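Peer 1: A single structure is presented below for examination.
The values are calculated or read from the model by the stated rules, or taken from the named source; none is laboratory data. As the structure is a prediction and not an experimental result, all values here were calculated from the model. Neighbour counts are summed over all protein chains in view; Cβ atoms, including those assigned to glycine, are modelled from backbone coordinates with ideal geometry.
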Amino acid sequence: MQKKIIPFIFTIALIISGFFALYSIGNVQGNARVVNYTGIVRGATQKLVKEELNGEPDDALIRRLDGILKELQTGEGDNNLIYLKDKVFQDQLALLQEKWAQIKEEIQNVRQGGDSEQLYQLSEDYFTETDVAVHDAEAYTERRVQHARWGLGLLTAVWLLVAAFVGFFTSRISKRQQEIQKIEDENRRKSEYLSVLAKQLQAPMNEMSELLYITDIETYELLFLNEAGQRTFNIKNFYGQKCYKILQGRESPCPFCNNDILKEGENVTWEHTNPITSRHYLLKDRQIIWDNRKARMEIAFDLTESESKKQQLQYLLDAEQMIVDCIHILYKKQNVERNIREVLEIAGKFLLADCAYYINIRDHSLVVEQEWHKDSKHALNIEYQSIPYEITQRWIKSFEKQKCLVIEDIEYLKEKEPVEYDMFKQYDVRCMIASSLEYKGEISGFIGLINPPADRVQHIVSFLQTLSYFIDLSIQQDIAQNQLAQLSYHDMLTSFYNRNRYIEDVQKFSKMDHEIGVIYLDINGLKEINDTYGHSRGDEVITAAAGYMKEVFPADHIYRIGGDEFVILSLHMEEDVFMEHVRRLKSIVQENPYLKIALGYRWSQHSREILSLIKQADADMYEDKRIYYQNHSKSPRYRHISDDGNDLQA
């Protein structure tokens, strides 16, 4: 029952953790779609107003915006949007609906020849309110991500507590079993003692199947050896010979002899493995008077078979405890690879192997991830990538068929698989046992042992399979946690950090005090590219810009904080070096005729000024964008009103 409950508990732990992680990932993705479509409402409304002001009615776009707004409020529609359960966001959506109704009413007025100024002002107000809605949705998403992180951490802590309780419970059971075993051993000794006394009274000593002999305590001379003893030691004329020579094969008294502690009327019980017979005996000694001489009578009970079984049982209990210890290590909050390395060391030492390893299978090649060897002499250092393809394929097929690979003696391969035999011989591999690991239903790797004891192979296979099962679980849990972290802090298109990480890092850097450079970058004309050529072309432009940023600032923090907005934070970089990097970024971007950017930058010796630096860099970027669109009036994005009342392209 103990063996079953531990895997069951940790299986349930993994399943629950996995479902929780998948649920959290789904929430993050759904929230992200809400943020995205709220932004679409913002941009599409601006596009609609421009078209109406230019005399280009677009009723299809109006219907689409009606549908998106309704789906944002209800979660029901064709865009697979979820209902965001946030009062602030929903209140803002209600306000947007009211203003949207005003805009549609004003559109009809403009179409009938009315003044367009009111429509323009409504669109500007609407843009501001939709921007607030986007920020509300982002804030809600950030809170949900934080709740998911806390929840996963709490869930992990709960399962660790469960694991600790299981370990404590198992330890208590083990101690109780030991106490019961001690009581049973004591009762057995008493029973055997009474049995010996009964035989002394009821039957001649020679009829006893146990070994029985009597020696003189002072001279160590044999006074009596029953027939069972004579057959065992192959001797007839024993009388007067030294007991230590005949029974132990020694030339002097045994250092473990207990003659000096024997007392009349008391028995001394102990155990000993005889070097001549190689058998393990339970010995009962008693001081008696034999032919008017003070003598020692000893009866030897052969416990070889029961001792073997006891050792085997103890080995199984120790192995079970080893598995529990390994499970505790695998579920510690540490690096998974380091945990696997520690588990391999524990398993390798316990199972008396020369080497323990964890190997990954990538593109049908073997890659050593972790390896433990008991000393430098047994360091295999095998280049598994150089293993012939046919050997790798044979191993993979064996794992697919029976989940394990057992080579008890490589001599079996000498004729059948000579190439594999020569490879093993080169690295002094005599025996190998491996158990497969799986990921998404396919063999992903295996763990194994080199040169374990031949007489323990069958036991080791089951232990190794149990161990591989929990290693599999820990690897898959680590993958799920990394995927959640990736979604929480990274932009999927560019692999840069996202706005969530940007907000956290800005807060962190503002509490430090070191050199920092800030770059605020925006891609010009991205909306026109998306509208004209499609979003796939827009993604290509974003990816190209990201490549340039990564090329110039490979070791710095780069964030995609909006659809076409990026921020680069360069830490511990001197001003002249930072300025050179900025010039280089501008230079390589100018070489691409299809990519135009607006860029603002600032540098300071004190990172605690980061918020002010970002604000200034943002203002510089918008000034750079204003100049660009002033010189490229045919590429409008959205319109602002300058202080003098003139239209300003931005």
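Peer 1: Can you confirm whether Tyr23 is at pLDDT 80 or above and on the phi < 0 side of the Ramachandran plot?
Peer 2: Against the criterion (at pLDDT 80 or above and on the phi < 0 side of the Ramachandran plot), Tyr23 does not qualify.
Peer 1: Being in contact with a helix residue (DSSP H, G or I) (Cβ under 7 Å, 6 or more places away or on another chain) and free of Cβ contacts under 8 Å to residues at least 40 places away in the same chain is the requirement here; does Asn530 meet it?
Peer 2: Details: in contact with a helix residue (DSSP H, G or I) (Cβ under 7 Å, 6 or more places away or on another chain): yes; free of Cβ contacts under 8 Å to residues at least 40 places away in the same chain: yes.
Criteria met by Asn530.
Peer 1: Could you check how many residues of segment 586-616 are surrounded by 17 or more Cβ atoms within 10 Å (Cβ to Cβ), in contact with an Asp or Glu (Cβ under 9 Å, 6 or more places away or on another chain) and not β-branched (Val, Ile, Thr)?
Peer 2: Of the residues in that region, 8 qualify.
Peer 1: So which of Ile479, Ile523, Ile503, Ile519 ends up being farther than 22 Å from Gly43 by Cα and touching a Gly at 6+ places or on another chain (Cβ under 9 Å)?
Peer 2: So the residue among Ile479, Ile523, Ile503, Ile519 that is farther than 22 Å from Gly43 by Cα and touching a Gly at 6+ places or on another chain (Cβ under 9 Å) is Ile519.
Peer 1: Which residue out of Ala133, Ala139, Ala148 is more than 30 Å from Ala44 (Cβ to Cβ) and assigned to a helix (DSSP H, G or I)?
Peer 2: Within the list Ala133, Ala139, Ala148, the selection yields Ala148.
Peer 1: Phe578 fails exactly one of the following numbered conditions: (1) of a type in the set (Phe, Trp, Tyr); (2) closer than 25 Å to Asn631 by Cα; (3) crowded, with 19+ Cβ neighbours inside 10 Å. What is the number of that condition?
Peer 2: Only one criterion is unmet by Phe578, namely (2).
Peer 1: Another question about this same structure. Within segment 264-300, which residues are outside any strand (DSSP E or B), over 15 Å from Thr215 (Cα atoms) and not hydrophobic (A, V, I, L, M, F, W, C)?
Peer 2: Gly265, Glu266, Asn274, Pro275, Thr277, Ser278, Arg279
Peer 1: Another question, if that's okay. Condition first: without any contact (Cβ under 8 Å) to a residue 60 or more places away in the chain and either outside the structural domain of Asn335 (by TED's automatic domain parsing) or surrounded by fewer than 19 Cβ atoms within 10 Å (Cβ to Cβ) (or both). Now tell me which residues in segment 462-478 satisfy that.
Peer 2: Listed by number, the list holds a single entry, Ser462.
Peer 1: Another question, then. Among the helices (runs of 4 or more DSSP H) lying completely within segment 495-560, list those that include at least 3 residues that are within 35 Å of the chain's Cα centre (by Cα) and crowded, with 17+ Cβ neighbours inside 10 Å.
Peer 2: 499-509, 535-552
Peer 1: Six or more apart or on different chains, Cβ under 6 Å: which pairs go from a residue in segment 50-77 that's within 16 Å of Val35 (Cα to Cα) to one that's among the hydroxyl-bearing types (Ser, Thr, Tyr) and in a loop (DSSP other than H, G, I, E, B)? Could you list them?
Peer 2: What qualifies is Gly75/Tyr83.
Peer 1: For segment 96-123, which residues satisfy the criterion of being small (Gly, Ala, Ser) and in a helix (DSSP H, G or I)?
Peer 2: Matches in segment 96-123: Ala101, Ser123.
Peer 1: Here's a follow-up. Kindly indicate whether any position in segment 338-345 is under 16 Å from Phe470 (Cα atoms), surrounded by fewer than 17 Cβ atoms within 10 Å (Cβ to Cβ) and either touching a helix residue (DSSP H, G or I) at 6+ places or on another chain (Cβ under 7 Å) or not acidic (Asp, Glu) (or both).
Peer 2: Scanning segment 338-345 turns up at least one residue that is under 16 Å from Phe470 (Cα atoms), surrounded by fewer than 17 Cβ atoms within 10 Å (Cβ to Cβ) and either touching a helix residue (DSSP H, G or I) at 6+ places or on another chain (Cβ under 7 Å) or not acidic (Asp, Glu) (or both).
Residues checked against (1) under 21 Å from Tyr489 (Cα atoms); (2) buried (at least 16 other Cβ atoms within 10 Å of the Cβ):
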| position | (1), (2) |
| --- | --- |
| Glu105 | no, no |
| Val110 | no, yes |
| Gly114 | no, no |
| Leu119 | no, yes |
| Asp125 | no, no |
| Thr130 | no, yes |
| Val134 | yes, yes |
| Tyr140 | yes, yes |
| Arg143 | yes, no |
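Peer 1: Regarding Ser604, is this residue polar (S, T, N, Q) and within 30 Å of Lys511 (Cα to Cα)?
Peer 2: Yes.
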